[in-house]
1. If we keep just the residues of region 45-72 that are closer than 14 Å to Lys33 by Cα and β-branched (Val, Ile, Thr), which is most open to solvent (accessible area, probe 1.4 Å)?
2. List the number of the failed condition for Lys33; all other conditions in (1) open to solvent by 70 Å² or more (accessible area, probe 1.4 Å); (2) modelled with pLDDT of 95 or more; (3) charged (D, E, K, R) hold.
3. Do we find a residue being open to solvent by 100 Å² or more (accessible area, probe 1.4 Å) and either modelled with pLDDT of 95 or more or on the phi > 0 side of the Ramachandran plot (or both) anywhere in region 13-30?
Amino acid sequence: MNTIKKITAGALALALLAGPLTTLGADQNAEKKAKPYPLKTCIVSGEKLGKMDKPYVFVYKGQEIKLCCKDCLKDFNKNPAKYMKEIQTAGEKEKAKK
């Protein structure tokens, strides 16, 4: 009886520890499938990417976003629909060039 309790407790502990790792894999898959960022500039500030420092990169609703710095994230989050529309328009212009 005591052995069964130890095995059950161990299995529960393992399940609790492994839970967050399963979502980590899902996040990484989402980033691999994200649409590439079509601009060479920050969508918020207009600064050339990489001019100041390494760009801040994240995925928003399946779209890769590159900002010149993490500070621009605040402005992006105030009106993401505006910036997403601008990114979509830029992506369409890039496709038209090809």
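The values are calculated or read from the model by the stated rules, or taken from the named source; none is laboratory data. Because the structure is predicted, anything quoted here is derived from the model rather than measured. Heads up: the accessible areas ignore ligands, DNA and RNA and are worked out on the full protein's heavy atoms, side chains in. Shrake-Rupley method; radii C 1.70, N 1.55, O 1.52, S 1.80 Å.
1. Filtering region 45-72 for residues closer than 14 Å to Lys33 by Cα gives 58-65.
Still in the list and also β-branched (Val, Ile, Thr): 59, 65.
Details: Val59: 53, Ile65: 0 Å².
Of everything passing the filter in region 45-72, Val59 is most open to solvent (accessible area, probe 1.4 Å).
2. Every condition holds for Lys33 apart from (2).
3. No - not one qualifying residue is present in region 13-30.
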